[in-house]
Structure formats: C-alpha cells, structure tokens
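Novice: Mind having a look at this structure? Questions to follow.
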Amino acid sequence: MKISEYFDLDKSQAELDFVDIDYTSDTPLFLDPFFLSKRTDNWSIQATLTLRSFFQRVIDLIRAGEENEAKELFDHLHEPNTTCLGMSRENPQGKGVGAGDADKIYESLLRSRAIQTGLIQDIEDNILFVDNFGKDKLSDMTTNIITKHLIEYTQNQCRLHDIPLSVGVNSGYFWNSRQIEWQSEHTEMLVIDNHKLLLVPKGIVSFCKAYVPNRYYRRFVLDFLQNENLRMNTALVQRRNNGVRYVTKKSIEEMHPQSKEFLRRFTRQHPEILQQFKNETEVNSLANIEFTEFDFRGVARALIARLQGIPTGTDNASNFHNVIIGILELIFYPHLINPVKEREIHDGRKRIDLVFDNSAQEGVFRRLWEQFNIPCPYIFVECKNYTKDVANPELDQLGGRFSVNRGRVGFIVCRSIDNMPLFIQRCKDTYIDGRGLIIPIVDNDLIQLLNEYNDMNWQPIEQFLSDRIREITI
C-alpha cells in the first residue's frame, strides 16, 4: 500500500513532492550521489556536503595510515529498509550494504590503492572502480550517510500533509558533518506497523544509469582508445574502400575487455578522461510519468474541479492551501521542489504559507538568478482565499519576508483580482523600489496552466511565467 493510500491523502504522485512508496516492498529507484552533486537546490547541496564530509574523512584517515579508525567508519553502513528503494521484490530489505559487504568494500578500497593514488575522489567513484560494488550498495551508503537530511525532509512533508509522526523514535545512525562522526538521536519519525520510514524527494532519485562503469567504458574510454590507436597508427587501424582509416570498438574490447581492474589501470594513466566523464554526464529529475502511469489530463481536471468547488473565505483557507500545494507541485516540478508549510521566520513575524526550494537547471526560475540577478534560492508563496481583492498590505506582507539569503521572489496566489492591470502596476512599483519580485496568480491562471499542463513539456508554463514577469519588470 502506498503512503498516499494509507493516510488517505487523496493525491496522485504528481501532486506529491516525495516518492509515493509502497511501504511493503521496494521501488526500483536509487539515491545517486553523483546526481545529488549536480543539483543546485539547497537540500541537495547540504546532502552532498555531508556525503563529501564522510568520504573525505575516510580518505584522510587512510592516507594518514590510521586504517583501523577508517575501517570503523564503515561499521554503520548497513542495509537500510527505511526508504523502500532498491531492487527487493518482497519485503523491503535490499541487496545493499550488509555487515560483510561493508568489510569487503573497505578491503577493496585498500587493495586497489584507489584512495592512496587519488583515483577515487568522490563517493560515487566507488561504483566505477571497486569490485562487487553496484548501484544498490551506492544508494544504501548514501542513504545511511544522509539519514539526518532525510529525517528532516520526512518531518516537513508529514507536517505539510498532516501525516502523524511518532515521537521519541531512535533515528539510527547518521553522519554529522559538523562533528565529523556518526551520531544517532531520538526524534519524530514516520512509523507504520512498527516500521520506520523515510520519505525521499522524487526530484533527487534516479534509475542510476548515467554514472556507471559500462557507460564510462563504452562512451569515454573506448572513444579515447579509438582516437589513440588512429593517432599512433597501430595494428588495429583498418581502411575502408575509400581510404578512410578507422578502428572498431570491438577490436579494442577484445584487447581490453571491460573490468573494474582495467578501468582502474586506464584511469590512473588518463585521469583527464574520468574528469571528462564527470563533466559531460548529466542527470535530470525523472518526469512524473516515469514514477507511475497516470492520466495527467484526469488529474488536472480533478484539481480544477476541487479548486472551483472551494468557497472563498477564512473558513475554507486550509482547503484552499491544500489544493494549491498539489497544483503548484504538479505544474512547477521539477523546477521547484521540497515545499515546506508555514516556515518560521527568525525575526518573529508571521509565518510563510509555503516555501519551495529553487532547483531549476534551466528556464525562468534559473534566469531570474542568472540574468536578472534576483537572489531566489527559495521561492515564497502566500495563499489568500479572500472574498475581496488583495492589495498593498498583502504585497508588503510578502515583501517583508524577503532577504538576500532567503530570496526575493514570491507568488501571491488568490482567487481573483478585479483590476489585474492595477495590481500588476503595484507589483512593478515594488520591484522598481528594490523590494523584490512578487508574481500574482489567480484561479483562472491556474486553470489555464492545468489545462495546458503536459508532463513532458514545460513550455506552456514557461511562457506564462515569462509573460507575467515581463509585465512586472519591464
């Protein structure tokens, strides 16, 4: 049974930020540290820093000759069954890092001299160079190390969707990058049938097919060796009828079959090819349709009906907020992720209805940062289920939340605005005064975006946002 079904959330995967796991079996998705390292949202950055802290500690100890202490760091790498991700077909138990596997991984690191020689620099490099180490083990290592981040994410998502948490639960071990050690604590956790669960952002999981030995070998190593054999005019060079020289990948494979031992030897001689592989390998967030088959037109129609069925007024503000969370998750994913409900502002002012992490790799949310020079690591959302028009007080309220560190971009989502040109002018005045970019969205805008929504085509939403922002900034 999926999390959404167990807690009667009445939401599809497309309306949820987390992977809607079946907590009784594993979902064949993985936490990929390489993918995490490529992402620009704050959650992924912090998780990546924690991963690098752990692995750098391992490297430092091994290079300092403190092998026993380094080996002890592997004692807390186990088979996590908290995320229900991986390849198990029955109860979530994984084929990941068991007690014996952790020893084997450590021994492989030492035996290959991969760390001493600088061959392995990042935790994801283990999958390329360590024998008997695959995507399951890499995902499990990642889960163990960033457990604290996943706990905090789970807590936020449960509060967002009113899912009950159990108090005083042992977290299990996680890596504390500040203390540079493994720690555990008692905290609030999601527990179902005595089974601790961690929710995982859907924007950060992958099928783990990009940063893998086979792709490195076939698309980078063999390409390099083809060119080298042509350059050196070796015996592998052949000629076509028109005189063009060529070298087949098959002939190189016969001479240098794929193995991790060969990849280790090759990469020690040609580290620039590994760096090229890292630079040129891109991983994108999975589309909603890749998690589960769903009728996005049907979901859009259902959201429109729910939105239109909510009366205005404070008595229905909570219902309005709940629907808006699902709509914004649907139309803005994967550009905006990790919605947090009513985050506290440290100076004691009123809470913010919603805060998203800006994870955009391209498009309008990226351009605001890079071209408009508007800081926006977070995007703020105020939801107003008013019977009257929003006006200057609401603009001032949202603008008062902005700062350089938090960001200066936000949405006011409300039911309608009688004089939209006038309100746009007020937003323009706010922008010109340097108080931030505030973008109004009303019911009709949301209905338009839902009608135009396509899981594989961001362009209609991109065009709407670009046009609305142009009205305010030009």
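The values are calculated or read from the model by the stated rules, or taken from the named source; none is laboratory data. Because the structure is a prediction, the values reported are computed rather than measured. Neighbour counts are summed over all protein chains in view; Cβ atoms, including those assigned to glycine, are modelled from backbone coordinates with ideal geometry.
Novice: Determine whether segment 207-214 contains at least one residue that is surrounded by fewer than 19 Cβ atoms within 10 Å (Cβ to Cβ), within 30 Å of HIS161 (Cα to Cα) and not acidic (Asp, Glu).
Specialist: yes
Novice: Mind telling me which of the residues SER44, SER37 ends up being surrounded by 21 or more Cβ atoms within 10 Å (Cβ to Cβ) and either among the charged types (D, E, K, R) or within 18 Å of the chain's Cα centre (by Cα) (or both)?
Specialist: None of the other options fit; the residue is SER44.
Novice: Pick out the one residue from ASP60, ASP10 that is out of contact with any helix residue (DSSP H, G or I) (no Cβ under 6 Å at 6 or more places or on another chain), part of a loop (DSSP other than H, G, I, E, B) and either in the same structural domain as GLY172 (by TED's automatic domain parsing) or on the phi < 0 side of the Ramachandran plot (or both).
Specialist: ASP10
Novice: I want to confirm something. Restricting to segment 242-268 and keeping residues that are surrounded by 12 or more Cβ atoms within 10 Å (Cβ to Cβ) and among the small types (Gly, Ala, Ser), which single residue is nearest to the chain's Cα centre (by Cα)?
Specialist: Filtering segment 242-268 for residues that are surrounded by 12 or more Cβ atoms within 10 Å (Cβ to Cβ) and among the small types (Gly, Ala, Ser), the one nearest to the chain's Cα centre (by Cα) comes out as SER259.
Novice: Going residue by residue through segment 171-192, is there one that turns out to be in contact (Cβ under 8 Å) with a residue 24 or more places away in the chain, outside the structural domain of LEU354 (by TED's automatic domain parsing) and charged (D, E, K, R)?
Specialist: Scanning segment 171-192 turns up at least one residue that is in contact (Cβ under 8 Å) with a residue 24 or more places away in the chain, outside the structural domain of LEU354 (by TED's automatic domain parsing) and charged (D, E, K, R).
Novice: Quick check on my filter: what residues within segment 213-264 are within 30 Å of LEU138 (Cα to Cα), at pLDDT below 95 and part of a loop (DSSP other than H, G, I, E, B)?
Specialist: Across segment 213-264, there are no qualifying residues.
Novice: Of the conditions (1) assigned to a helix (DSSP H, G or I); (2) farther than 27 Å from ASN284 by Cα, LEU465 satisfies every one except a single condition; which number is it?
Specialist: (2)
Novice: With the checklist (1) modelled with pLDDT under 90; (2) hydroxyl-bearing (Ser, Thr, Tyr); (3) crowded, with 21+ Cβ neighbours inside 10 Å in hand, flag the one item THR117 doesn't pass.
Specialist: (3)
Novice: Something else now. Quick one: count up the residues across segment 432-474 that are without any contact (Cβ under 8 Å) to a residue 24 or more places away in the chain and either in contact with a Lys or Arg (Cβ under 6 Å, 6 or more places away or on another chain) or on the phi > 0 side of the Ramachandran plot (or both).
Specialist: Here the count works out to 1.
Novice: Do you know which of the residues in segment 280-311 that are in a loop (DSSP other than H, G, I, E, B) and crowded, with 17+ Cβ neighbours inside 10 Å is modelled with the lowest pLDDT?
Specialist: Checking each candidate, the answer is VAL283.
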